[in-house]
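For reference, the structure I am asking about is given below.
The values are calculated or read from the model by the stated rules, or taken from the named source; none is laboratory data. A quick note: this is a predicted structure, and the numbers were derived from the prediction, not measured. Virtual Cβ from ideal backbone geometry, glycine too; neighbours counted across all protein chains shown. Please note that ligands, DNA and RNA were not included when accessible areas were found on the heavy atoms of the full protein model with its side chains. Shrake-Rupley method; radii C 1.70, N 1.55, O 1.52, S 1.80 Å.
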Amino acid sequence: MSLTASAYVNVIPVFFISIVFHRSACVLFLFAFFCLINSRDTDVKRLGETEELGRNSLHRLSHSLIYLYLFAGDITQKGYEKKRSKLIRAYVPHAGGMEGPMSHRAPLGPPSAARFHRRRTSGTRDERYRSDVHTEAVQAVLARHVERKVAVPMPSKRRSLVVQTSMDAYTPPGDDKHTKSHTLRFILKDLLRRVHSDCQIRSPAHLGSTSSSSSSTQSGGSGNAGRLADSLAHTHISHLAHTHLAHTHLGQSHHQQSHLSQSLFRFYFSPAGVPVSSRVSAKIQQLVNTLKQPRRPPLREFFVDDFDELLEVQQPDPNQPRPEGAEMMPVRGEALGVVTNWPPSLEAALQRWGTISPKAPCLTSLDTAGKPLYVLTYGKLWSRSIKLAYNILHKLGSKQEPMVRPGDRVALVFPNNDPVAFMVAFYGCLLAEVVPVPIEVPLSRKDAGSQQIGFLLGSCGVTVALTSDACHKGLPKSATGEIPQFKGWPKLLWFVTESKHLSKPPRDWFPHIKDANNDTAYIEYKTCKDGSVLGVTVTRIALLTHCQALTQSCSYTEAETIVNVLDFKKDVGLWHGILTSVMNMMHVISVPYSLMKVNPLSWIQKVCQYKAKVACVKSRDMHWALVAHKDQKDINLSSLRMLLVADGSNPWSISSCDAFLNVFQTKGLRGEVICPCASSPEALTVAIRRYTPPGRGVLSMQGLSYGVVRVDTEERLSVLTVQDVGTVTPGGLVCVVKPEGVPQLCQTDEIGELCVCSIATGTSYYGLTGMTKNTFEVYPVSSGGGLISEYAFVRTGLLGFIGPGGLVFITGKMDGLIMVSGRRHNADDIVATALAVEPMKFVYRGRIAVFSVTVLRDERIVVVAEQRPDSTEEDSFQWMSRVLQAIDSIHGVGVFCLALVPANTLPKTPLGGIHLSEIKQLYLEGGLHPCNVLMCPHTCVTNLPKPRQKQPEIGPASVMVGNLVSGKRIAQASGRDLGQTDDNDQFLFLSEVLQWRAQTTPDHVLYTLLSSRGAVSSSLTCLQLHKRAERVAALLMERGGLQEGDHVALVYPPGIDLIAAFYGCLYAGCVPITVRPPHPQNISTTLPTVKMIVEVSHSACVMTTAVICKLLRSKEAMATVDIRNWPPVLDTDDLPKKKPPALYKPTNPDGLAYLDFSVSTTGMLAGVQMSHNAVGAFCRSVKLQCELYPSREVAICLDPYCGLGFVLWCLCSVYSGHQSILIPPVELESNPALWLLAVSQLRVRDTFCSYSVMELCTKGLGLQTEALKARGLDLSRVRACVVVAEERPRMSLTHSFSKLFKDLGLHPRSVSTAFGCRVNLAICLQGTSGPDPTTVYVDMRALRHDRVRLVERGSPHSLPLMESGKILPGVRIIIANPETKGPLGDSHLGEIWVHSAHNGSGYYSGYGEEVLQSDHFNSRLSFGDTQTVWARTGYLGFLRRTELTDANGERHDALFVVGALEEAMELRGMRYHPIDIETSVIRAHKSIMECAVFPWTNLLVVVVELEGSEQEALDLVPMVTKAVLEEHYLIVGVVVVTDIGVIPINSRGEKQRMHLRDGFLQDQLDPIYVAYNM
C-alpha cells in the first residue's frame, strides 16, 4: 500500500475533525494513518532497516490510542499507566531481569559511575533506593523544562552593581503569534513526533547525578532513571503556569486524568513574546505573556457584597491521600540491662577511674596542625575538677555571702578548640553540685543569637561565667580593659578555671558524692525556630540512665578510643564525648572545627592513627572527607566498629552515607559500621541503628506533604528516600502522635511527631512551666480517647513513623516544617532539591536557608543562599530559575522569594552553620542586602480574592427610585450666590478694572516681588502696572504687527514682567498664553515643551526677557529646537516710550480672555479657553471666599503659569485691589525659610502655596524650628494657609507641616486645601470663614468597588480623606455615574461634575479636535435635571452632609476628592488609585524616598527611589512586593529601583506617572535594578 504526498497531506484535516468532534473517529483515522506510516517504513527497509520497524509501528499505534484516550478523558491516569506498561512489556527486550521501557537504552549517568558498579552486582539492593535518585529526578525535571523553553525575563542590574553583566547577551523569545489553526498544526506535529520517537524522552547529558555522592550503577541505574524521566513525560510537572481547560469546570473525579490535557494545553497555547524596541519592554512583554492565562479554572464568581474582598480559602483536595493503616502501637526499646559494676552516679565513675587508673588517657585535644596539644588523664581530670569545685563554692564572694551555692546555675563559656578546660569545668560543677549551663563564646557585642542566650542566662539567674584563660583574653574589652556587658546579658563575674588561678583545697575538704537523684545535673540550650533560646534541664538520674542506655546501645567497653568531631558542649558530642566516655573510661580524641576547616580528612587520619573503634561525625564531615580524600593514601578504617552519624535523622544525610561507603569500602570500611541516630535536646537520644543493614523506603513527596506514608512503587520524580535510624534506645517507649492538637496516636501509615517515655530524657524548659507542660508532660491518647500510659511522654520535635520491625524512620523536624495551603513541606527537603540542581557550582552547600514568612494569611517559602564569588550574573539567574522550576515540580509548591547574597554574609553560628532565625529577621527587616533576587508571587499566592466581575448596569430610573426608597438625597451641593457688591463688579472686563484702579487709586501697591534673601526686589502700583501694560501693547502693535485676537506666548520667569505682559496683551486685544521658560541647566528636555505649547496655541509671537531671548538663541537650544522656525520673539526689556494710539476695548464678554495651558499628571498637554466672563466670575468668587479687599495682604508662593496659581498671581490683585506678595517657589531651593519668614515679617494673614513648597519646608526646616524661633519667626497671625492642588488632599503632609510649625504659632485649623481641575480652575477653596475641614475614614476595599463605606479611625483597611475645601461662591457640583451619567446619592462614589460661571469654555487645540472632548465642558445628566449644562472634572469623589453649619446657617456639604479617573488603574476588575499603593510602598522600607506606580497592560509597575547605598536596592524588592500584596491584594509585576529625583514631578508637586512610564519603556531611567516578579 502506498500514498502520494498529496494524499498524505489531505489526511490532516480529517485528523483535526477527529480530535475536535469524535474520539472514535480519531481511532479509525489513526489506524489508517499508521498504515501510511507502515508504508513509509516499507520504503525505509531499502536502507537496511529490519522488520522490527513494522512491529514497533504497531506498538506505537497501540500506545498512541491509549494516549489519546487519556487526552480525551476516556480513561484515568492510573488506568493509562497500567495499560501502557502492559502494552510495552511485549515490545521491550528484557535486560538483566529489569523490566521497563528504558532498560534497553544507553545509560543516563556519567561514565565515571562505572567504578561504583562493583559492589552492586549482587542484586540484593533495589536500585530504587539509591540516594542520588533525587538528584537525577531534579535533573530530569529541569530537562523537561528546557524542552518546553519557558522564557523568564532576567532582572536588569546597573553596571555599578555588577562587573560582568549578561544583559546584552540575553535574547527575548521569538515573535511567533499563533492562531488557533496554527496551534492545532503544532498539536498534530507533536503527536506525529511522539509516534515516530516511540515516546522516547530526549535525555540530556546532565540528567544523571552531578553531585559528588553519585553512587548509581551502570546497568540498573540508567534504566531506572529512564523510567523516572518517562513517567515524567506523562505526569503533571508544574503548576508554575498551570492552565485548566477553558469553559469547563473539571469535576473532582477527573482530577488525575486532566493533568495531561492541562500540560498539553499549557504547552501549546502559551503565546510567545513580541519583541519590542527596548530590552526593558521586551522583558515586560515576556512577563505579560506568562500571565495571560488564568491560574485556576474560570469559576462563576459572585460576591455576597461587592466590596467584601474575601481571601480564597484553600479547599481540601478530595483526592488527597489519607492514612489507611490501623492505629499504631507504642514501640518499646530493649530492656536496660542491670550491670553490677555500673557506678551509682557519673561523679562516682570519675572518682573510680581517677583513683584506680589515674594515668589512663581521658581526652586528647588537637591543635590546628592536627598534633596532640594536651592529653588529659583521668587522674588529672579528677584532681582538677575537685580543685575547681572547691574554688566555686568557697572562693567566690565571702564566707558569709558566697556567690554560688549548690543548685545555682553557672555559665560555661569555652571555645570549640578547648575541650580539656570545658571537661574540667563541667565535672567541677557536678562535684560542687552547681548546674552548668554550657553556651557559645560571644564573638562580639552583637553576635548572631547572642542576645537570646543572654535572655536564657538571665532567666536561669546566672551570675558567674566560667571560662579559660585564652578565651577570657579573647573576649571583647572596653577601653578600661573590662569585659562589657553583652546585649541582653545579665551582669556576670568572669571566673578563669586554669589551675594556676585556683586555690588548693584543704586536705580535709572532699566533695560529697551522692547517688544520682532528681536534682538538675545540667541545662542544655536549644535554639527555636523563631530564634528564641530555651534551657532544657537534665536531672542527674536522667544523665546517668542516658549514659547507661548509650553504653548498652553502642556496646562501649573500657579503654576504647573514640574520635569526636561534634560540638562537645551539647547534643551527641556532649553525651558521647564528655559523659558516656567517662562512665566507661574511654579515650576521646576531640577534633576541633578549626582543624576540620584546614584539613577535612583530619578525623579519618586520627581514626587510623589511634585505631579508634568509634567516631562521632555529622554528614557534613563525611562529605568534606569525600572531597579531600584523593590526595590521601594509607587510609585504613577497618578498626572502626561504629561510625555514629549525629544528623542521620535528616533524610538527606543518606546521600553522604552512601557516597562515603562507596569510596571508603575499599579502605576497610564495613557497611554495617555506619550508624545513624535520632536525637533531640528534649528527649536526648531517641534511636540508634546498631550493626544492622539499613532499612530504606522511597516515599511519595506528595503523600508526605499530606502527612501520609506512601511507598512510591511507580518511581515518580517527587520521591524522598529515607533510611532508618535503628530501634528505640534501651529503656525507652516511643509512640507517634499527631503534630497539632490533641496528642492522639497516629495510624501506622501516618506521619506524626515522635514522643518518648523514658527516664533518660530532659525534664523541663527552665523557668517556663507552660511550655514545659506542652512538651515534657504529654499524655498520648488512642482514637477512643483513652490514655495509652499513666506516665508522661516527651515530644521530640522529630517527624516520622515506625516502620516494620520497630525501625524508626525520620522524615523531618517540627522546626523545619512549613505549612503552605494546608500541606506540609520540610525545609531540609527543599534545601536538598536546590542543591540537586547544580551541586556546589553556584552556591555553597551548607549555606542555604529555607524558611517561611506569612504573606496574605498563608505561609510562603523563602530561599536564601550564599552565591559563590566567581558566578556570573547570567549563571546565577539561570540557577535560580532552575531551582524554582525544580521545587515547583518536585514538591508541588511555589517559592515566594529566592535570594542570593554575597559569600560569607549570612549570620553564622559559632560552629560555622547558618543562623536561620537571624537570616529570617534580616529578610523581614529588609537588611539582607542580596546580590540577586527572584520573586514568584504569581506562582505561590493562590488565595487572592476573586477578580470582580462587573454586574449589569442598573437603569437610571431604578437608581432614582432606589435612592428615594432608601431615603438618600441626590448628592449635589453649591456655594453661596455671587452678588454684585463692589464698584469693580460693574466692569465686565479685567482690563477695564485695571484702568479704573489706575485712575482712582494710582499709588496703591498691587504687587511686591521678593528676592531669595527676602528683600523686596520690585513692586508695582496700579498706575505703574497700567503704564507698563500700555507700553507692552504698543510693542505688540508696532513691532509685532499683531491683530485683534492673535495669540501671544509669554515666556517669563515668575515676576512682575509676566503680569505687565499679560495686561499688555489685553490692552492690545491679543490672547495671552503663559509658558514656563526653559531651564538653563536642562534645555534639552524643557525647551521642547515650550515649543509644543507655542505651536499648539498658534502663537503669532513670543514675548520674553532679554536673558531668555539669549538662552533661546544659544547653541544648546539650537541643537534641541530650531528657533528660526518660531514666530517672532519680542524682548520686553526694551519697551517703547510712547503709549499706543488707543487701547483695545473688548465688546463680547464671552470672547476669549486667555488660554490656560498645562500638562496633566498623565502627561497630556491641554489648553483651556477662559472667557472674559469666566475671568470676572472667577475673581469675584475668590474675592468673596477669601474676603479680599484693598487693605489686605496675601503671600503667594506658587508657579504663575496655569490654574489657580496663575489667577492668584496675575488676576486677583487687580480685581480685588489687595496687595500680593509674590515669592517665586524656585527661590526656596536656596532659602527654604524664605516663604515662612516673609509671612511672619510682613504679618500676612492669608497665604497660598503648593504641595512641593510645603514638602520642601517640612523636610528642609524640620531640624531648624528652634533657630527660626530665635530669628523671630511667628506664624500665629496666619488665618488661612491654603495648598493649591489638583488631587486628593495629602493629609500626611499637611498634618506633618501643621505639627512641625505648631511651636512657631501656626494653628492646625488654618492649614487647608483647594481643589481645581482642567475644566474649572477652582471648585473648592477653604477661605476665611465657615466650618473647619472635616475628615472621614473610608474602607479602602469598598473604594476599589466604587463604593463609599465609612469606618472608624484605626479600622483595618481604613483610609483617611480630608475635605478639599469649601465650595466656591457661584459653584454647583453634583456626583454622577461616569458611565451612565445619572446622578448618585449622598456618600456614593462617582465623578464630580461642576456648573459655574467660571467654567472653562472648552479645550483649545487649533486642529479642530475640540469636538472630541466637548462633553468635558457640555454634559447633561441622563435623568433628573437634564437641562443644566455641567463640566466633567474627570475626578472621582463623593459628597457628604455633615453636622456642621455654614455661614448661612445651613448644614454643610463636604466634598471629598478620591482621585483622577484617568490615573485610576483597572486591575483584577477593581479600581485602584496610585496614591494608595504608593503610600503602602513608601512605608515598606526606610530606604524608600519616593515611589510611583503605573499599569502596563495587566502588570503593575512600581518605581521606587532609593535613599541609601546601591547595595540596599535589592532589599526593596521583597518588601515592596509583600506590602502591596498584604494591603491591596495585588501582585507587583515589575519593581524598578532608581536614584533619587528620577520620578518626574510638576510644579504643583504632582507625579508625572505617564512620563515616568514612557521613560521606563524606552529604557531611559538608568535604573539601579529592575526586578521582574515571575
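Determine ³J(HN,Hα), in whole Hz, for all residues of the range 1094-1107 in sequence, where each value follows from phi through the Karplus function 6.51 cos²θ - 1.76 cosθ + 1.60 and θ = phi - 60°; x replaces Gly and Pro.
4, 6, 5, 7, 6, 5, 7, 7, 10, 10, 7, 8, 5, 5
Now for a different question. Mind checking which of Leu1036, Gly1064, Thr1021 is farthest towards the positive end of the range 1000-1108's charge dipole, using Cβ charges of +1 (Lys, Arg) and -1 (Asp, Glu) about the Cα centre?
With unit charges placed on the Cβ atoms, the residue in question is Thr1021.
Using alpha-carbon positions, what is the distance between the centroids of the range 900-941 and the range 1413-1492, in Å?
For the range 900-941 versus the range 1413-1492, the Cα centre distance is 42 Å.
Given a cut-off of 32 Å, name the pairs among Lys1027/Lys1366; Lys371/Lys920; Lys380/Lys570; Lys477/Lys908; Lys491/Lys597 whose C-alpha atoms lie farther apart than that in the structure shown.
Lys1027/Lys1366; Lys371/Lys920; Lys491/Lys597
Going from most exposed to least, what order do Arg507, Arg1039, Arg1353 have by accessible area with a 1.4 Å probe?
The residues order as Arg507, Arg1353, Arg1039, largest area first.
Which value, in Å² rounded to 10, gives the accessible area of Lys738 with a 1.4 Å probe and all protein chains present?
60 Å²
Could I ask something else about it? About the Cα centre of the range 317-437, how large is the charge dipole given +1 on each Lys and Arg Cβ and -1 on each Asp and Glu Cβ? Please answer in debye to the nearest 20.
Its charge dipole is roughly 760 debye.
Now a separate question. Non-local amide H neighbours of Leu699 (under 5 Å, H modeled in plane, Pro and chain starts lacking H): which ones?
Close amide H contacts, sequence-distant or interchain: Asp712, Leu720, Thr721, Val722.
Can you give the extra length, in nm with one decimal, that the chain gains between Thr909 and Phe1423 once fully stretched, where that is 0.36 nm per residue apart less the Cα-Cα distance?
Between Thr909 and Phe1423, full extension yields an extra 177.7 nm.
How large is ³J(HN,Hα), in whole Hz, for each residue of the range 1126-1134 in order, when computed from phi with the Karplus curve 6.51 cos²θ - 1.76 cosθ + 1.60 and θ = phi - 60°, using x for Gly and Pro?
With the stated coefficients, the range 1126-1134 comes to 7, x, x, 9, 9, 8, 8, 5, 10 Hz.
Can you work out the Karplus-derived ³J(HN,Hα) for every residue in the range 1265-1279? Use 6.51 cos²θ - 1.76 cosθ + 1.60 with θ = phi - 60°, whole Hz, and x for glycine or proline.
4, 5, 5, 5, 4, 5, 7, x, 5, 9, 10, 5, 7, 5, 9
Related question: Zone of Phe455 (label point 7 Å along Cα→Cβ, backbone N under 17 Å): which residues in the range 426-440?
Only 440 fall inside the zone, counting backbone N under 17 Å.
Please compute the per residue accessible area over the range 770-910 with all protein chains in place, 1.4 Å probe, rounded to a whole number of Å².
Values: 4640 Å² over 141 residues.
That works out to 33 Å² per residue.
Residues of the range 560-578 with the amide nitrogen closer than 16 Å to a label point 7 Å from the Cα of Tyr691, along Cα-to-Cβ, please.
Correct set: 560-561.
Here's something else I'd like to know. Want the number for Ser1230 to Glu1466: 0.36 nm per residue separation, take away the alpha-carbon distance, what's left?
80.8 nm
Please give the charge dipole size of the range 1300-1408, origin at the Cα centre, charges +1 on K and R Cβ atoms and -1 on D and E Cβ atoms. Round to the nearest 20 debye.
60 debye
Still on this structure, I have one more. Expressed in nm to one decimal, what extension gain is obtained for the pair Ala1106 and His1295 from 0.36 nm per residue of sequence separation less their Cα-Cα distance? Display every interim value, and only then the final one.
On the way: separation 189, 0.36 × 189 = 68.04 nm, distance 4.27 nm.
Stretched out fully, the Ala1106 to His1295 stretch lengthens by 63.8 nm.
Taking H placed 1.01 Å from N in the peptide plane, check which residues at least 5 places from Ser1171 or on another chain put their amide H under 5 Å from its amide H.
Result for Ser1171 returns Ala1153, Ser1401.
Moving to a separate point now. Measure up Lys487/Lys529; Lys487/Lys1522; Lys529/Lys1522; Lys1259/Lys1486; Lys529/Lys606; Lys387/Lys618 against 24 Å on the Cα-Cα distance and list the ones that go over.
In this structure, Lys487/Lys1522; Lys529/Lys606; Lys387/Lys618 exceed 24 Å between Cα atoms.
Under a plain spin-label model, where a point goes 7 Å from the Cα along Cα-to-Cβ, how far apart in nm are Asp1558 and Thr368?
If labels sit at Asp1558 and Thr368, their model points lie 6.3 nm apart.
Given H placed on each backbone N at 1.01 Å, which residues far from Ser764 in sequence or on other chains put an amide H within less than 5 Å of it?
Thr537
Can you give the % of DSSP beta bridges in the range 443-601 that are antiparallel, to the nearest 5? Please report the intermediate quantities before stating the final value.
Values: 7 of 15 bridges.
Taking every DSSP beta bridge within the range 443-601, about 45 percent pair in antiparallel fashion.
Which shape class applies to the range 978-1072: rounded if a/c is under 1.5, otherwise prolate when a/b exceeds b/c and oblate if not, where a ≥ b ≥ c are the square roots of the Cα gyration tensor eigenvalues?
Details: a/c = 1.84, a/b = 1.05, b/c = 1.76.
Because a/c hits 1.5 or more and a/b fails to exceed b/c, the range 978-1072 counts as oblate.
Grab the beta carbon distance between Leu493 and Cys528, set R0 = 22 Å, and tell me the FRET efficiency rounded to 0.05.
0.15
Need one number: nm distance between label points at Asp634 and Leu1350, each 7 Å from Cα along Cα→Cβ, rounded to one decimal.
9.2 nm
Under a 1.4 angstrom probe, counting protein chains only, how are Arg322, Arg620, Arg1553 ranked by accessible area, largest first?
Order by accessible area, largest first: Arg322, Arg620, Arg1553.
Using 7 Å Cα-to-Cβ label points, what is the Val375/Ser594 separation (nm, one decimal)?
2.3 nm
For the range 1339-1387, report the accessible area per residue in Å² (1.4 Å probe, heavy atoms, rounded to an integer).
Accessible area per residue, the range 1339-1387: 34 Å².
Another question about this same structure. Cys757: accessible area at probe 1.4 Å, nearest 10 Å²?
Near enough 20 Å² of accessible area.
Let me check something: with ligands and nucleic acids excluded, how do Ile1059, Ile970, Ile386 order by accessible area (1.4 Å probe), largest to smallest?
These residues rank, largest area first, as Ile970, Ile386, Ile1059.
Please give me, ordered by residue number, the GluC sites (Glu not before Pro) of the range 1476-1542 that lie in loop per DSSP and have at most 14 other Cβ atoms within 10 Å. List each step's numbers first, then the result.
Values: sites: Glu1478, Glu1490, Glu1505, Glu1507, Glu1510, Glu1512, Glu1526, Glu1527; in loops: Glu1507.
Listed in order of number, the matching sites are Glu1507.
Which shape class, rounded, prolate or oblate, goes with the range 606-645 when its Cα gyration tensor gives a ≥ b ≥ c as root eigenvalues, a/c under 1.5 marks rounded, and past that a/b bigger than b/c marks prolate? List each step's numbers first, then the result.
Details: a/c = 2.56, a/b = 1.11, b/c = 2.31.
Here the range 606-645 falls in the oblate category.
Determine how large the accessible area of Trp494 is when every protein chain is in place; take a 1.4 Å probe and give Å² rounded to the nearest 10.
40 Å²
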